[in-house]
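The values are calculated or read from the model by the stated rules, or taken from the named source; none is laboratory data. These numbers were taken from a predicted model, which means no experiment stands behind them. Please note: Cβ atoms are built from the backbone with ideal geometry, for glycine as well, and neighbour counts cover all protein chains shown. In case anyone asks, the SASA skips ligands and DNA or RNA and just uses the protein heavy atoms, side chains included. Shrake-Rupley method; radii C 1.70, N 1.55, O 1.52, S 1.80 Å.
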Amino acid sequence: MSYAGSAVRLQNRGISEKTCEKYKIYRNGTTLRFHYHNKDGQPIGAKIKTSDKRFTYEGDTDGSFFGQHLWPNNGKRVVITEGELDAASCSEIMPTWPMVSLPSGSASARRSIQKNLEWLQGYEEIVLFFDNDEPGREAAKEAAAVLPPSKVRIARLEAYKDASDALQDNNRDALGRAIWDAKPYRPDGIIDCKSLLELVTTPNKPHDYAYPFSGLQRKLHGIRLGELTTITAGSGIGKSSFCRHLATSILQTGERIGYVALEESNKRTALGLMSAAVGTSLHLGEHERSELESAYNETLAKWNLFLFDGFGSFDPDIIYNRIEYLASGLDTKVVFLDHLSILMSGLEGDERRMIDTTMTRLRSLVERTGIALFLVSHLRRPGNDNNHEEGARVTLGQLRGSAAIAQLSDSVIALERDQQAEGSGTGTTIRVLKNRYSGETGIACRLTYDLNTNIFTEDEIAEEFDPTTDF
């Protein structure tokens with residue numbers, strides 16, 4: 001391919017004929033032609049800009065940066081701009097510095113960097129000088145992500161959209177400072193601790209809400225926003241009843257709560273929460289409307305409670321979306337999700353991998369929204385003759401399906417009860433299996449559940465016999 005047109009001074013742009021000749025930016029009638037070259041410096045294609053700012057391309061391309069053929073494959077510093085005129089504008093004030101531009105604008109930033117990574121690796125510093133708009137900023141992040149972080153610097157022009165605009169305004173100083181003062185790129189998630197004075201000197205609240213049981217409160221030091229707590233037990237041990245009791249204690253403080261019960265109807269959930277509050281099993285037997293209406297007026301009518309109306313709908317994406325809406329749209333601070341296994345039933349594939357993915361998404365959701373999330377999870381059966389329905393001790397390793405449940409939870413609370421024990425079948429041991437806040441684990445308390453009143457009563461814990469000291 002041969003050159004078309006000739007170099008002329010771009011008066012309005014502030015770009016000299018000499019710079020245009022160097023970069024082979026030629027005027028050809030009413031169009032500007034930006035000639036692209038291969039690694040040997042031979043012209044292979046041209047981007048054509050019309051007077052009404054439409055762009056076309058003719059010829060071939062090897063993916064090189066515009067102007068790349070002018071510079072060696074090593075050096076102190078190279079500047080990459082978003083457009084050809086930006087590269088020429090920068091070269092106008094720093095003619096000895098390598099200035100190149102992306103071949104297809106911000107949309108191709110990451111791909112162009114990857115294509116020319118071998119050439120870029122020879123430079124000690126790589127300055128990304130993209131447009132001062134959202135696409136430009138995002139493109140700089142994407143491009144920087146594929147480069148060695150220690151080499152990357154980000155240049156910014158706060159008062160102008162791009163380098164060409166600054167030169168058109170004859171603000172050569174601003175353009176030069178943007179390049180000289182380019183800041184070292186710091187990937188998201190890396191924090192300079194010198195900026196943390198206010199964060200570390202702001203006192204933390206001991207907790208946001210108290211547990212309704214003193215033993216559990218002593219172990220976990222309360223319920224905190226931004227934490228994920230998993231509640232686990234064998235089948236039929238009382239996980240849902242325990243959650244309803246926790247939810248009721250928080251609702252009675254006036255807090256806003258979201259309750260997503262996937263295994264029961266909203267009527268059952270509502271009656272269960274009402275029962276826990278008024279001390280009557282409203283979900284059992286028949287009750288007069290007046291009794292139910294009175295309980296409703298004392299509970300649901302006063303509470304800031306939101307339920308999920310989707311019984312039988314277990315699409316995980318929908319559940320995540322609704323929890324996010326509860327947190328962000330309705331400003332709920334505490335959400336109960338009962339339970340994880342039902343959520344998994346909406347997916348197909350390896351259970352362990354599905355739970356890993358789900359727990360990661362729930363953990364991210366908690367971090368992003370700042371809610372306190374209580375998650376109910378089932379257990380797998382022990383390998384011996386004991387089972388959890390007969391009071392077998394619960395361990396973290398028995399959480400069903402994946403170690404991610406234990407790893408990504410801030411706290412794990414287990415309920416242990418022997419359903420078949422005569423006279424004591426309602427006694428439940430509450431054991432803390434994980435406690436990221438203080439590290440305190442073990443038995444927190446023992447509860448007795450009254451089926452008639454739907455109320456848990458905390459029992460005194462007898463000190464365990466220690467043969468090393470008790471003889």
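Only one entry in E138, E134, E125 is without any contact (Cβ under 8 Å) to a residue 24 or more places away in the chain and under 20 Å from R186 (Cα atoms), namely E134.
E118 falls short on exactly one of the conditions (1) over 13 Å from F65 (Cβ atoms); (2) open to solvent by 40 Å² or more (accessible area, probe 1.4 Å), and that condition is (1). You will find that of R446, R381, R368, the residue that is modelled with pLDDT of 90 or more, surrounded by fewer than 19 Cβ atoms within 10 Å (Cβ to Cβ) and out of contact with any Phe, Trp or Tyr (no Cβ under 7 Å at 6 or more places or on another chain) is R368 and no other. Would you confirm, using the coordinates I've provided, whether S51 is modelled with pLDDT under 95 and either in contact with a Lys or Arg (Cβ under 9 Å, 6 or more places away or on another chain) or part of a helix (DSSP H, G or I) (or both)? For S51, the condition - modelled with pLDDT under 95 and either in contact with a Lys or Arg (Cβ under 9 Å, 6 or more places away or on another chain) or part of a helix (DSSP H, G or I) (or both) - is not met. Among residues that are under 26 Å from N170 (Cβ atoms) and at pLDDT below 95, D40 is not included. Being in a strand (DSSP E or B), open to solvent by 40 Å² or more (accessible area, probe 1.4 Å) and within 30 Å of K151 (Cβ to Cβ): is that true of K39 here? No, not satisfied.
Sort out which residues of the stretch 14-25 are open to solvent by 20 Å² or more (accessible area, probe 1.4 Å) and either outside any loop (DSSP other than H, G, I, E, B) or closer than 15 Å to S104 by Cα (or both), and write them in order of number. E17, K18, E21, K22 - these are the residues of the stretch 14-25 that are open to solvent by 20 Å² or more (accessible area, probe 1.4 Å) and either outside any loop (DSSP other than H, G, I, E, B) or closer than 15 Å to S104 by Cα (or both). Could you list, ordered by first residue, the pairs with Cβ atoms under 6 Å in which the first is in the stretch 409-421 and in contact (Cβ under 8 Å) with a residue 12 or more places away in the chain and open to solvent by 30 Å² or more (accessible area, probe 1.4 Å) and the second is of a type in the set (A, V, I, L, M) and part of a loop (DSSP other than H, G, I, E, B), at least 6 apart or interchain? Between residues of the stretch 409-421 that are in contact (Cβ under 8 Å) with a residue 12 or more places away in the chain and open to solvent by 30 Å² or more (accessible area, probe 1.4 Å) and residues that are of a type in the set (A, V, I, L, M) and part of a loop (DSSP other than H, G, I, E, B), the close pairs are R417/I237. On inspection, S64 does not qualify as open to solvent by less than 10 Å² (accessible area, probe 1.4 Å), more than 37 Å from the chain's Cα centre (by Cα), under 19 Å from H35 (Cα atoms) and in contact (Cβ under 8 Å) with a residue 24 or more places away in the chain.
The set of residues in the stretch 95-115 that are among the hydrophobic types (A, V, I, L, M, F, W, C) and open to solvent by 20 Å² or more (accessible area, probe 1.4 Å) comprises W97, A107. Hey, does the stretch 112-123 have a residue that's farther than 21 Å from Y36 by Cα and either aromatic (F, W, Y) or in contact with a His (Cβ under 6 Å, 6 or more places away or on another chain) (or both)? Looking for residues that are farther than 21 Å from Y36 by Cα and either aromatic (F, W, Y) or in contact with a His (Cβ under 6 Å, 6 or more places away or on another chain) (or both), one finds at least one in the stretch 112-123, hence yes. The residue that is farthest from I15 (Cα to Cα), among those in the stretch 162-199 that are among the hydroxyl-bearing types (S, T, Y) and touching a residue at least 40 places away in the same chain (Cβ under 8 Å), is Y185. Checked against (1) within 24 Å of the chain's Cα centre (by Cα); (2) open to solvent by 30 Å² or more (accessible area, probe 1.4 Å); (3) within 16 Å of N73 (Cα to Cα), L147 passes all but a single condition, namely (2). Selection over the stretch 190-211 of residues that are at pLDDT 85 or above, open to solvent by 50 Å² or more (accessible area, probe 1.4 Å) and part of a loop (DSSP other than H, G, I, E, B) gives a count of 3. Condition check for S91 on (1) surrounded by fewer than 16 Cβ atoms within 10 Å (Cβ to Cβ); (2) closer than 20 Å to A182 by Cβ; (3) out of contact with any Phe, Trp or Tyr (no Cβ under 6 Å at 6 or more places or on another chain): one failure, at (1).
Within the stretch 91-114, track down each residue that is within 20 Å of R77 (Cβ to Cβ) and either assigned to a strand (DSSP E or B) or not small (G, A, S) (or both). Selection gives E92, I93, M94, P95, T96, W97, P98, M99, V100, S101, L102, I113. Taking (1) under 40 Å from the mean Cα position of the chain (by Cα); (2) closer than 26 Å to A166 by Cα; (3) open to solvent by less than 70 Å² (accessible area, probe 1.4 Å); (4) not small (G, A, S) in turn, W71 satisfies each apart from (1).
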